[in-house]
Amino acid sequence: GGRRALATQAGPVPWHLLRPALPRPGHELSALLSHAERIDVVLRIHDEHAAHFDQAHVGTFWRSVSRIARADESQRAWIYDNEDGAFAAGRETTVRMAGLLEPPSIACSAGGIWHAGLGHSPAWDEAWRWLEN
């Protein structure tokens, strides 16, 4: 029940879970990302909380995108249609955090990007450079 149940419901994430003025504790933010069922929800969580992301959140963000894309063909099609624009902020966060990422977070990020079918256009070159180093 509680916040976890709200985060897994289909539909918009309730506003009180996304208040940027009150950063979510790390485990709650990870749970929101991990239990999201649609790409737009993951992107909205990122937009509201990216300033508070740590290295685990970066990996969880991309792993969640991948999980959703692999589970739902319509979500995967949306990713293909919106790859460069919709994920620009996520790429920027990944690049910003890249110097702090430990190997497990790098693996989650790179694997999530790849398995979601992302990362093929030139817009991803900088993120790949950081993740490969």
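Quick notes on this structure:
- Mean projection of the Cα convex hull over all viewing directions, computed for region 51-133: 4.8 nm².
- Here the Karplus relation 6.51 cos²θ - 1.76 cosθ + 1.60, evaluated at θ = phi - 60°, turns the backbone of region 118-133 into coupling constants of 9, x, 9, 8, x, 4, 8, 4, 5, 4, 5, 4, 5, 6, 7, 8 Hz, with x for every Gly and Pro.
Every number in this text was worked out from the coordinates using simple rules, so none of it is lab data. The model shown is predicted, which means the values in this text are computed figures rather than measured ones.
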